[in-house]
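Encoded as structure tokens, the structure appears first; notes follow it.
The values are calculated or read from the model by the stated rules, or taken from the named source; none is laboratory data. The shown structure was predicted, so the numbers you read here are calculated from the model rather than taken from an experiment. So basically every Cβ, Gly included, is an ideal-geometry build from the backbone, and we count neighbours across all protein chains shown. Ligands, DNA and RNA are excluded from the accessible area calculation, which covers all protein heavy atoms including side chains. Shrake-Rupley method; radii C 1.70, N 1.55, O 1.52, S 1.80 Å.
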Amino acid sequence: SLFWDPALQSVELASGNRLRRRTEYAYERRNCRNWFQLMRVLVTGGAGYIGSHTLVELLTEGHEALIIDNLSNGHEEALARVKLLVNRDFDFVKGDIRDPEALDLAFSRFKPEAVIHFAGLKSVSDSVEQPLIYYENNVAGSVKLLKCMDLHGCKKIVFSDISILNWS
């Protein structure tokens, strides 16, 4: 049987052993091995499936995060669940990467050291039906993000290209 101890943020087994939350392990790793640098990371599309899972890992490892998402494919509920999982807070801006003013404000206030870019449309059928919308979001939006990064001296980016292949 399991006994939850909220003060310890752990689960104690009937045998007396403790199962600790992932955040506790990350804290111990950070304090024992300072081989990596904690960063301020801006995550575009962070309310989507891949973005929210990446956010869990970033926060678990001790990084600070700011999420920018227009919620066209993401959900605020995913962000609420991330907060519950990692027991840490982070900022969320409902905004679009195609909006230079929203990007500039986010970069000015948060001052990210790196960007992880997941804000892309991915439906093959929609991209065939509405190619200009996909171009505007995926290409022009990414260019606006890169220009804002350059303006604010942010030189690190992880770009996620989600390609869907149709094997016939």
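A few comments on the model shown:
- Members of region 25-48 that are modelled with pLDDT of 50 or more, closer than 13 Å to residue 62 by Cα and either among the β-branched types (Val, Ile, Thr) or crowded, with 17+ Cβ neighbours inside 10 Å (or both): 41
- Meets criteria (open to solvent by less than 40 Å² (accessible area, probe 1.4 Å), hydroxyl-bearing (Ser, Thr, Tyr) and in contact with a Lys or Arg (Cβ under 9 Å, 6 or more places away or on another chain)) for residue 160: no
- Exactly one residue out of 131, 100 is more than 21 Å from residue 55 (Cα to Cα) and in contact with a helix residue (DSSP H, G or I) (Cβ under 7 Å, 6 or more places away or on another chain): that is 100.
- Filter result for residue 98 (surrounded by 16 or more Cβ atoms within 10 Å (Cβ to Cβ) and among the basic types (Lys, Arg)): yes
- Verdict on residue 64 being farther than 16 Å from residue 51 by Cα, crowded, with 16+ Cβ neighbours inside 10 Å and in contact with a strand residue (DSSP E or B) (Cβ under 6 Å, 6 or more places away or on another chain): no
- In summary, residue 74 fulfils each of the numbered conditions (1) within 10 Å of the chain's Cα centre (by Cα); (2) surrounded by 21 or more Cβ atoms within 10 Å (Cβ to Cβ); (3) modelled with pLDDT under 95 with the single exception of condition (1).
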